[in-house]
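Q: What follows is a single structure, and I will ask about it in a moment.
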Amino acid sequence: MTEKTERIHKTIEQAEQEGKYIRKVRSFVKREGRLTKGQERALAENWQAMGLNHNDGMIDPKNVFKNAQPIVLEIGFGMGKSLIEMAKKVPELNFIGVEVHKPGVGACISLAVDEGIMNLKLYEHDAIEILANCIPDQSLTTVQLFFPDPWHKKKHHKRRIVQASFVESIRQKLKIGGVFHMATDWQNYAECMLEDMQSSLQRMIMYHALILAH
Ligand SMILES: C[S@@+](CC[C@H](N)C(=O)[O-])C[C@H]1O[C@@H](n2cnc3c(N)ncnc32)[C@H](O)[C@@H]1O
């Protein structure tokens, strides 16, 4: 650890002890991957047209896309290859991609420009905060989460993006009849995903039963 990072860690710990800072458990570790020249140029030249910023707050999708097409939101699109293929194949849908890894966002924008994609906007930010602060309730037709980081050690399971609270926020953002499409190749993660979906469904049933009872 360098002297500088040691100093920063001390300040964070101190702030935590004083109750001024709450460390968040995040589903990612910010990698300091370098941008290629192409990714850097793609970001500089196209962010204005294709990028969305967390600090701008809640979006009005019709305003963002200049049309009222259904919206698919993809969380953690990696380098964006499959997202671009989908956006190209289905121009009658609008796509919003959310990814924290800047080189991935740069690569995705670069591909989008090469393919002349017009129905795609991107956030470079934590999807949890984007869902909470930028996406209106009942505005999405589909949410896609493909092969999220498995955090396979038990002590790291709390870092998995799929938790009961996450499923609940997806439910809020989906329109009635919307689809939440998840994929993983980790058996244990798949089982946990199913459990979280099941308990969200049970909560919904309880909620509606209570409303009917009144
Ligand atoms: C294992 S990769 C999968 C990438 C891609 N979906 C695929 O199937 O190849 C998981 C991705 O999710 C991103 N990610 C993790 N947590 C995230 C979050 N909270 N918000 C946005 N992206 C996140 C990571 O940066 C990473 O690119």
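Q: Please work out if Asn133 is touching a strand residue (DSSP E or B) at 6+ places or on another chain (Cβ under 8 Å) and at pLDDT 95 or above.
A: For Asn133, the condition - touching a strand residue (DSSP E or B) at 6+ places or on another chain (Cβ under 8 Å) and at pLDDT 95 or above - is not met.
Q: Need pairs with beta-carbon distance below 6 Å; first residue modelled with pLDDT under 95 and within segment 109-122, second acidic (Asp, Glu) and outside any helix (DSSP H, G or I); sequence gap 6+ or separate chains.
A: Hits for this filter: zero, empty list.
Q: How many residues does segment 165-182 hold that are closer than 15 Å to Ala132 by Cα and either part of a strand (DSSP E or B) or without any contact (Cβ under 8 Å) to a residue 60 or more places away in the chain (or both)?
A: Going through segment 165-182 one residue at a time, the tally reaches 9.
Q: Looking at Asp137, Asp185, which one is more than 16 Å from the chain's Cα centre (by Cα), surrounded by fewer than 15 Cβ atoms within 10 Å (Cβ to Cβ), among the charged types (D, E, K, R) and not in a helix (DSSP H, G or I)?
A: Just a single option satisfies the conditions, and that option is Asp185.
Q: Hey, can you tell me all the residues within segment 61-84 that are in a loop (DSSP other than H, G, I, E, B) and either basic (Lys, Arg) or near the ligand (Cβ under 9 Å from one of its atoms) (or both)?
A: Lys66, Gly76, Phe77, Gly78, Met79, Gly80
Q: Cβ contacts < 6 Å: first residue without any contact (Cβ under 8 Å) to a residue 40 or more places away in the chain, restricted to segment 89-100; second residue away from the ligand (no atom under 12 Å from the Cβ) and part of a strand (DSSP E or B), any location; separation 6+ or different chain. Result?
A: Taking only residues 6 or more apart or on different chains, the pairs are Asn94/Ile71; Phe95/Val72; Phe95/Leu120.
Q: Looking only at segment 95-120, which residues are within 11 Å of the ligand (Cβ to nearest atom), assigned to a helix (DSSP H, G or I) and either of a type in the set (D, E, K, R) or surrounded by fewer than 20 Cβ atoms within 10 Å (Cβ to Cβ) (or both)?
A: Matches in segment 95-120: Lys102, Pro103.
Q: Still on this structure: Can you tell me which residue within segment 140-151, out of those that are under 12 Å from the mean Cα position of the chain (by Cα) and hydrophobic (A, V, I, L, M, F, W, C), is farthest from the ligand (Cβ to nearest atom)?
A: Out of the qualifying residues, it is Val143.
The values are calculated or read from the model by the stated rules, or taken from the named source; none is laboratory data. Since we're looking at a predicted model, the values are computed, not measured. Virtual Cβ from ideal backbone geometry, glycine too; neighbours counted across all protein chains shown.
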